[in-house]
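Scroll down for the structure; my scribbles are underneath it.
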Amino acid sequence: MLTARAKQLRRNMTTAEAMVWKLLKGKQMKGYDFDRQRPIDQYIVDFYCKDLMLAIEIDGSSHDSKEAQEADLARQQTLEKLGVRFLRIRDEDVKEDVNSTYFVIKEWIENFEIENKGKPLPGRLEQ
């Protein structure tokens, strides 16, 4: 069921998600492989890199309500317990300046690489 929902989400990406996917697909982001609408545990994250255990979430206006923010936080905390790291980017920021979005993601990865230099990549989270 989760896999079917992920496929549906891939077919119906938001404008901002499509813009970010253009930056990530085909290992364009520093050679890292990202999946879009990736099921992890009982959730689906917008983008996920197995090698970095990094989830990138594009938060649109549907995430602005208190209830949505609480649900996002609970979901994020659950996945962080599994070792997943999060980078959250506002939908409007992507649409306003996709180049800045590129550099935000690139900088996150570069900082991760510096902090973990000489260490093996964190590994892959199995479903």
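Only the coordinates and a few stated rules stand behind these numbers; no lab work does. This one's a predicted model, so the numbers in the text were calculated from it and none came from an experiment. So basically every Cβ, Gly included, is an ideal-geometry build from the backbone, and we count neighbours across all protein chains shown.
Starting from the 7 Å offset along Cα-to-Cβ, what nm value, one decimal, do you get for the label separation of VAL98 and GLU113?
Label at VAL98, label at GLU113, 2.3 nm between them.
Can you tell me which lysines have their Cα less than 23 Å from the Cα of LYS7? Leave out same-chain residues fewer than eight positions away.
The qualifying lysines are LYS22, LYS25, LYS27, LYS50.
Once you keep just the Cα pairs under 8 angstrom separated by 6 or more residues, what percentage relative contact order results for the range 2-115?
Computed over the range 2-115, the figure is 24 percent.
Mind grabbing the base-10 log of I(q)/I(0) for the range 2-115 at q = 0.17, 0.21, 0.23 Å⁻¹? Debye formula, identical points on the C-alpha positions, no solvent, two decimal places.
-0.84, -1.33, -1.58
Report, to one decimal in Å, the Kirkwood hydrodynamic radius for the range 10-77 based on all distinct Cα pairs.
With all distinct Cα pairs of the range 10-77 included, I get 12.8 Å.
Simple spin-label model, 7 Å along Cα-to-Cβ: ASP72 to LYS106 in nm?
Result for the modelled spin labels: 2.5 nm.
Hey, can you grab everything whose amide H is under 5 Å from the amide H of ASP59? Only 5+ residues off in sequence or another chain; H modelled, so Pro and N-termini drop out.
Placed amide hydrogens put ILE89, ARG90, ASP91 under 5 Å from ASP59.
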